[in-house]
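Peer 1: Here it is: the structure, laid out below.
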Amino acid sequence: MTNKKTKMVTEDWNGEEYRFYPLGEFIVRAPAIWEGRPTFKYTHIEVAAVLGLFADGLTTDEIVSKYRGKISREAALASFRVASELFKKPIYEGELVVENDQDEPYEYYPLGEYVVSAPEVRIGIPTIKNTRIDVWWILKLLADGETIEELVEDYDRYFPEEGVIEVIRIAASRLGVPVPELQTV
């Protein structure tokens, strides 16, 4: 995915005009659908809802089945790729926390129990707390087809399964509101 502004596209969908901003091959922002929140192309299925199902433990195949094939396996996994774009910039929200239990103070903005934005770590790009593991990277690995279980097995000394689930839930919550800055393809 490149960071470039996209132009609105207009297509015919079941005899109706369908206007959207493409966010990738499978995902769009259609201003007339769910206030422009990211959805799967030609559906009213929100990307945030699919991420929520992943966080609830459903597999990709179970999600595809749940939506009766309205989204493909590739489209479901693409939800992680779109969400990852939200975490490639620093996020300074809430109150700065300072912990002094290390050699130097550790300052961060908590986005969750495991996810933080620490100004001195990766210039504030959200990471797993006390690591340099980027949230966007975790979402990219999930988009590439890794399962939560495989991620936990690979990174278990850095964070538990709850950490991966928290990453997915935070991504879902951030996509569950209109996201005008998501003009990427």
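Peer 1: Can you tell me how the stretch 17-131 classifies by the Cα gyration tensor, rounded, prolate or oblate, using a/c under 1.5 as the rounded cut?
Peer 2: prolate
Peer 1: Follow-up. Given labels modelled 7 Å from the Cα in the Cβ direction, how far is it in nm from S65 to E17?
Peer 2: Distance between the two pseudo-spin positions: 4.2 nm.
Peer 1: Using θ = phi - 60° and the Karplus curve 6.51 cos²θ - 1.76 cosθ + 1.60, what whole-Hz ³J(HN,Hα) does each residue of the stretch 33-45 get, with Gly and Pro shown as x?
Peer 2: Rounded to whole hertz, the list is 10, 6, 6, x, 5, x, 10, 7, 3, 6, 9, 10, 7.
Peer 1: Name the shape class, rounded, prolate or oblate, that the alpha-carbon gyration tensor gives for the stretch 71-185, where a ≥ b ≥ c are the square roots of its eigenvalues, rounded holds for a/c under 1.5, and otherwise prolate holds if a/b is larger than b/c and oblate otherwise.
Peer 2: oblate
Peer 1: Sequence-distant or interchain residues sharing an amide H contact under 5 Å with I45, placed H: which?
Peer 2: F40
Peer 1: Further question: Rounded, prolate or oblate: which one fits the stretch 33-74, using the alpha carbon gyration tensor with axes a ≥ b ≥ c (rounded when a/c is under 1.5, else prolate when a/b beats b/c, else oblate)?
Peer 2: On the way: a/c = 2.65, a/b = 1.43, b/c = 1.85.
Verdict is oblate for the stretch 33-74.
Peer 1: Just tell me the longest site-free run in the chain, where the sites are trypsin sites (Lys or Arg not before Pro) in a DSSP loop having at most 10 other beta-carbon atoms within 10 Å. Walk me through the numbers before you get to the answer.
Peer 2: On the way: sites that count: K4, K5, K7, R68, R157.
Longest stretch, sites excluded: 69-156.
Peer 1: GNM on the chain, C-alpha springs below 10 Å: top fluctuator among S117, S72, S84?
Peer 2: S72
Peer 1: Quick check for the chain: number of Lys pairs with alpha-carbon distance under 29 Å, counting only pairs 8 or more apart or on different chains?
Peer 2: Pairs that pass both the separation and distance tests number 27.
Peer 1: Scan the chain and report its longest stretch carrying no GluC sites (Glu not before Pro) that are both in a DSSP loop and have at most 15 other Cβ atoms within 10 Å. Mind showing how you got there, number by number?
Peer 2: Working: sites that count: E25, E93, E95, E113, E120, E181.
Between exposed loop sites, the widest span is 26-92.
None of the figures in this text is laboratory data; all of them are computed from the coordinates on show. All values derive from a computational prediction rather than experimental measurement. Note that each Cβ is placed from the backbone with ideal geometry, even for glycine, and that neighbours are counted across all protein chains shown.
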